[in-house]
Structure formats: C-alpha cells, structure tokens
C-alpha cells in the first residue's frame, strides 16, 4: 500500500467514525438537520478520496450512499429508523471496503460482493420510493443559494500544487480525473511558469498548476472536497463566474443587524465565501501582521485571493457601516464631564483597530483558531513513532551506562557532564512519550453503536453515558484495551441490565444505563464500566462454580472471592448459549488482556443497584521512572509512582506487619517471595508502596535510588513468575526485574485481612 492510500484509509476511518456518530445522533433527534449535513460531508469526503486513489468500488458505493443522504438533507425523504439502520449498515460495509483496500486486495471476496449488491439494491429502493418525489409549484419553490445552484454552471478553478505533492505519493492528474465525476471540464490550461531550468530541477518536486473551467451542478463545498487531501499543500481558488454578484449583495443586505458585524462572517453567511477560504484569508492577515505594522484589511486579501468579487466585498463593507451607524444612533448619550475630571481620569490607551474597512482586525473566531491549529498539526505514521520510542529507550540505557562509568571513574567534570546528559535524556523521554498520548474518548465513542445494536438485539432500552473522554493514555494501550471494554459492555447489557418489566417492578426507570468513565489516579489510568442493573448474583455464581468443580462444595468464600470466579476460563452463569454469552470466554479474555498490560481489574457490586468494573492501567508500556533496590545480588525496580516512603525494618521482627504511625502495614519479604539464596542484610529496608488504596511494604536489602526504566517484556520461559511485570537493563549491563506492585499489594493485603474479614459465604445445598 502506497503512502497516499495509507493516508486516505486513515482519514476515511476518521470520517466514517464521524458519520456513524452523526447517524446515532440523528436517530436520537431526527429533527436535527445539522447532523444530516455533517453525515453528507463525511460520505462525500470519502467518495472524493476514493476517486483520487482510484478505488472505483468504494467510490461508486459511497456515491449511492451520498444520493440517499442528499435527499434526506433536502427534505425529500425523512430520516426514518429504517433508513438510519440502512445507513449504519452501509457505514459498516464501507469499513470492510477500506479493509480490503488497506490489505491490497485486488478482488473482493464473494461475501463482500453479495453484501455490496444487497445494500445497493436497498439504497436504490430507499432513494426512489413510490410517490416520494413531488414537484412543488414553481412560485413556492425556494430560490437556490448563489454559488450552489442546482443547474449546471461553469466554475473557474485555479490550482497550483506544492512541491511536495509528488513526494507524498499524490498524482495531480488524479484530481482532474475526479473532477470529471462532478461534471465536464470545458477548458484546461497547464501552468508551468514556476518550473526552473532543467539543471536546477528536482525530479521529485512538482511544479505544475492548472486553470480549469468546469461545468457542473455541484456546489462550491463539493468542488473543494476534491482537493481535501492536498488542501494544505496547494494554492486553490474557486470562483463561479456566471453567478450574479447582485444575488450575493441582496443576501448581504438582508442579513440581520448583529451587535458586532464582521466582514468575513457576513460574506460567509451570504454564501459568497466558504469557511476554508475565510480561514486562509485570516491566516494570511495574521502572517502579514507579524512582518508589518500595516497589514491589509481582510476584504482586500479575499479579493486578492480571488475568493470573492470586489463589488461583493464593497457591499458587505457598506452594510457593515450602516449597521454601525444605526447602533451609534440608538446608543445612550455620553455623560458630560468637567475638564478637571477628564484630566484626572484619562489614561493613555492604544487606539483600537479599524472595524469597517479593516473588518477582520480582531481575534479569529474560536472555530477558525481551532482549524488553524489543526492546520499546523503533522500526521506521523505510527511505525515511525514507535521507532522513535525504541530509540529513546536505547538512549536512556546508554545514558545510564555513561552515568555509571562516570561515577566509577570519580572524574568530577565527567560526572557533571553525564548529570546534564541525564537531565536532557529525561526531557527527551517525556516529550517522546507525550507524542504517543491520545485521548480515550474516541475509543469510548465507538460503544454508542455497540449499545444501540445490542440493546435492539436483547429487546432492552439501554442508554450509554460517557465521562472522562479527554483522559489521555498511551497509544499502544488504547489499541489493546478496546477488546476488554467490548466484553465488559456486552456482559453488562446481557447479564447486568434487567428487562424493562423487572426494572419497573423494582421501582427503577425503564431505561437502563451503562456508564464509561476514565480518569487519572497518580501515574495510572482508571477506566470504569458500570451499570445500574441487578448486581452480581453471588449465590448463583457460587452454585455454578461448585457444579463445575471450580471450588469444593464445603468451602466458604467471601464476596470478593466469589466475584473473581467469573474471570475463570470457561465460566458462565448463562442458562443457554446465545450470540452474546454462554460460552464462558468473555470475562476470561478481559482478565488475561488486562494482566498482559500490567493492569488490574476489580469488581464492585451491590445487589439491586448495579456493578462497577474498575480497570487500572499504567500510563505507558515503554519507559517509566523507577526506584532501584537490591536483594542479595538481584536487582528489583519498583515503579516510582507507587512508592510512598522508605523506612528501616526493625531488627527482630517476626510478624508480617508493622505499626506505621498507628497504621497497620502488611509487608512482604522479597527474599522469601522469590526464594532467593543468601543471607539477608543486617540492616534491611522497607519500601512502602500504595496501589488502589492498598498500602503495603516490600522488604529489600539495599536502596539505590531513582532509575529511568526502559521496560522489556519477559520471554515465554519466565511468564510463570508471579510478582514480576517485566525487566530492564541497568547501566552496568546487568538485568533488573520490574516488580508487579498490584499483585504483590493484593497478596500482602489478603494475608493481613484474613482475620478481619466478615463471615464468608458458604454454598447452599
């Protein structure tokens, strides 16, 4: 797959997510027409990109979807539940077509072709229902907006491609080919005035441009969408020469009297300008202000860019002036102030910028500023970013080695140099890791569709509430946490949420609720999946476990131990096997995948009130701050974010807990836990760690201090080691083991809590 296709697939998936979110919002509120427009733009963008990369099957299918959406946004068809379901199925199919394109498949599978044919038939049927097209009387038909006429018009398109277009795998001719899908190119002139002499030419650079006259019934946004993938790398001007300036002027004069009329916004509302053209103009103005005190007014910039005609800008300025004069006439008269009072009160102030002619000498609107920030963002392939993190990890190891050698040498200047190097490496590490941080909201939003489809399948009314979507997490973790969350959400809908009849009988709302929440806790990320259902049936779980031989019939278990049984492989309380549950593989996958990510999952449930699954994950799987300790000749790293303090172990301590300032502190001796040889040190230390509210101590022989830790996974041979989460390479070249603090904390807490727990639950025969 070439780079252009890769960019198209990535951006199309983003458009597809927006399309799906818009369809779900439209289903919840069919009267919101803005959602239809957003969905149409997403589908049109995908179709345009498919034409550029010459993916004909995706382009033709998306065109069918676009036709139905066009009738929905025009009001010729209503957004019924059936049509929205059809469009959601089409979105799923577009995802399959993108998968085929990404995998380089030249021929679609039989199942995909069959699904494609069925969906095309349904789209054709829904787009032309019997009696749906009713011609309105000519006198009552709404007048088309200027520049967006339904009849064919000849548009003038001027495009100059940037030099890097070819390097990014884009073919300028492909854009011409796609323009022909919108209409007919009447005239084409190739621009090569920027082409240097042959001796100075870069064979990978593009020096081309085109002047195009296109006859089409499409509007300006549709034409602009053709160049979406090169919008930041080309100079583009689109002007409809046959549209009448009088039409724009009439609309400008009909605009309401705003409190603060802005020239650009007036032109935008009148249809004489697009948002992207306004943004480009504002950016040009801001750039000019950086180099000169007298930057040109926005109107002059827009005329220079051929975005709008001079007479239209003049009309907007006149309308702007008329509104301001009317406001001044209705404003209250100023208070008369004596001369002495004026002298005492007046302070020197900077003169305000002109408003009429220099209509846009003001901060850019919030939307424009946001778009400007996006324009400065750079897409980087995930593989390149992963490579950068790997190199930073090697740099951390090399820096630690250099620091160790400098310490052994005793050279003061060398120690100072390596100390500075360590600080710089730490800054580079933090910056590189920040590049991999992405918000979890995108992952959460995918479950809107899951909840909708599964609730329909189960015949339940269930809503989804999302909180903490702005919480950031390492990209690699985001990719791997989606599957466990899927199992937890489906399990909550199937087993947690009761039927509407049971909920109403219990005095609950008929509509069930599932909540996804994420937040930072120290240097960890907590993800919660909760529901307001019936809670865990402890007695049923225990009885099922006894029947399957997982626990002896006479064994008594606490609620926490019973809840942990649902993570056992093959365990299920379902009475029958369905598409959603009954096979006993869902929650087993959750526990296994979360543990593989060095995380934990806990269950908190109250009968009749619901359940909450709490997942704790590290912020990153790459590089962490650690605390280096030693037991004999073995080195152990404790994640620094879990370390609370260090204390000395009393000389003669034969108990498994300490009195820490009136608080019971259970502890583990790492020498005993890992069965290490050798005699313990005469002075041992206790590293006090805290995780998920549990505070425990880890007894070690020596403390070495903070250590930048590059996490290396354990091989298959060492996966049986309980309490070890990974390994790292020390500056001396030796291997250090990273402790699994969550597991060790739970182990010590269970030992300490056995004598204090309430009476355990026994199986009822």
> Which of the residues spanning region 630-645 are buried (at least 16 other Cβ atoms within 10 Å of the Cβ) and part of a strand (DSSP E or B)?
Replying inline: 630, 631, 634, 635, 636, 637, 638, 639, 643
>> So residue 82 ticks every box in (1) part of a helix (DSSP H, G or I); (2) over 25 Å from the mean Cα position of the chain (by Cα); (3) closer than 22 Å to residue 220 by Cα but one. Which box is left unticked?
In response: (3)
>> Based on this model, can you work out whether residue 88 counts as modelled with pLDDT of 90 or more, closer than 22 Å to residue 48 by Cβ and out of contact with any strand residue (DSSP E or B) (no Cβ under 7 Å at 6 or more places or on another chain)?
In response: yes
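Can you report the number of residues in region 594-624 which are part of a helix (DSSP H, G or I) and surrounded by fewer than 18 Cβ atoms within 10 Å (Cβ to Cβ)?
2
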> Just checking, which of 693, 678 is modelled with pLDDT under 90, surrounded by fewer than 19 Cβ atoms within 10 Å (Cβ to Cβ), within 41 Å of the chain's Cα centre (by Cα) and on the phi > 0 side of the Ramachandran plot?
Replying inline: 693
> If you check every pair at least six apart or on different chains, which have Cβ atoms under 7 Å apart with a residue in region 94-112 that is in the same structural domain as residue 60 (by TED's automatic domain parsing) and within 19 Å of residue 7 (Cβ to Cβ) first and a residue that is at pLDDT below 90 and in a loop (DSSP other than H, G, I, E, B) second?
Replying inline: 100/108; 101/55; 102/1; 104/1
> Hey, does region 44-60 have a residue that's surrounded by fewer than 22 Cβ atoms within 10 Å (Cβ to Cβ), touching a residue at least 60 places away in the same chain (Cβ under 8 Å) and not in a helix (DSSP H, G or I)?
Replying inline: yes
>> Show the residue pairs meeting these rules: Cβ distance below 7 Å; 6+ apart or different chains; first residue within region 403-419 and touching a residue at least 60 places away in the same chain (Cβ under 8 Å); second residue assigned to a helix (DSSP H, G or I).
In response: 403/418; 403/422
> Hey, among 667, 627, which residue is under 19 Å from residue 712 (Cα atoms) and either without any contact (Cβ under 8 Å) to a residue 12 or more places away in the chain or surrounded by 20 or more Cβ atoms within 10 Å (Cβ to Cβ) (or both)?
Replying inline: 627
> What about residue 93, is it touching a strand residue (DSSP E or B) at 6+ places or on another chain (Cβ under 6 Å), buried (at least 16 other Cβ atoms within 10 Å of the Cβ), at pLDDT 75 or above and not in a loop (DSSP other than H, G, I, E, B)?
Replying inline: no
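Which residues, counting only those in region 292-311, are closer than 10 Å to residue 277 by Cα and either outside the structural domain of residue 281 (by TED's automatic domain parsing) or assigned to a loop (DSSP other than H, G, I, E, B) (or both)?
Residues satisfying the conditions are 305, 306, 307, 308.
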> Hey, residue 520 hits all of (1) touching a strand residue (DSSP E or B) at 6+ places or on another chain (Cβ under 6 Å); (2) in a strand (DSSP E or B) but one; which does it fall short on?
Replying inline: (1)
> Before we move on, is residue 665 over 27 Å from residue 403 (Cβ atoms) and out of contact with any strand residue (DSSP E or B) (no Cβ under 7 Å at 6 or more places or on another chain)?
Replying inline: no
> How about region 176-185: which of its residues are closer than 14 Å to residue 224 by Cβ and either at pLDDT 85 or above or out of contact with any helix residue (DSSP H, G or I) (no Cβ under 6 Å at 6 or more places or on another chain) (or both)?
Replying inline: 179, 182
>> Is it the case, given these coordinates, that residue 26 is modelled with pLDDT of 85 or more, crowded, with 19+ Cβ neighbours inside 10 Å and more than 29 Å from residue 177 (Cβ to Cβ)?
In response: yes
> Of 498, 457, 470, 479, which residue is buried (at least 16 other Cβ atoms within 10 Å of the Cβ) and not assigned by TED's automatic domain parsing to the domain that holds residue 87?
Replying inline: 498
> In this structure, is residue 733 outside the structural domain of residue 603 (by TED's automatic domain parsing) and more than 16 Å from residue 632 (Cβ to Cβ)?
Replying inline: yes
> If you scan region 673-690, which residues turn out to be part of a strand (DSSP E or B) and free of Cβ contacts under 8 Å to residues at least 60 places away in the same chain?
Replying inline: 685, 686, 688, 689, 690
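Any residue that is closer than 30 Å to residue 391 by Cα, out of contact with any helix residue (DSSP H, G or I) (no Cβ under 6 Å at 6 or more places or on another chain), assigned to a loop (DSSP other than H, G, I, E, B) and not assigned by TED's automatic domain parsing to the domain that holds residue 392 - is there at least one of those in region 700-710?
No, the conditions are met nowhere in region 700-710.
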>> One residue is enough: does region 71-78 have a residue meeting the conditions closer than 15 Å to residue 182 by Cα and touching a helix residue (DSSP H, G or I) at 6+ places or on another chain (Cβ under 6 Å)?
In response: no
> Is it the case that some residue within region 492-502 is within 14 Å of residue 603 (Cβ to Cβ) and in a strand (DSSP E or B)?
Replying inline: no
>> Looking only at residues that are over 30 Å from residue 486 (Cβ atoms) and loosely packed, with under 14 Cβ neighbours inside 10 Å in region 418-442, which one is modelled with the lowest pLDDT?
In response: 430
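The values are calculated or read from the model by the stated rules, or taken from the named source; none is laboratory data. Quick caveat, the model's predicted, so the values are computed rather than measured. Note that each Cβ is placed from the backbone with ideal geometry, even for glycine, and that neighbours are counted across all protein chains shown.
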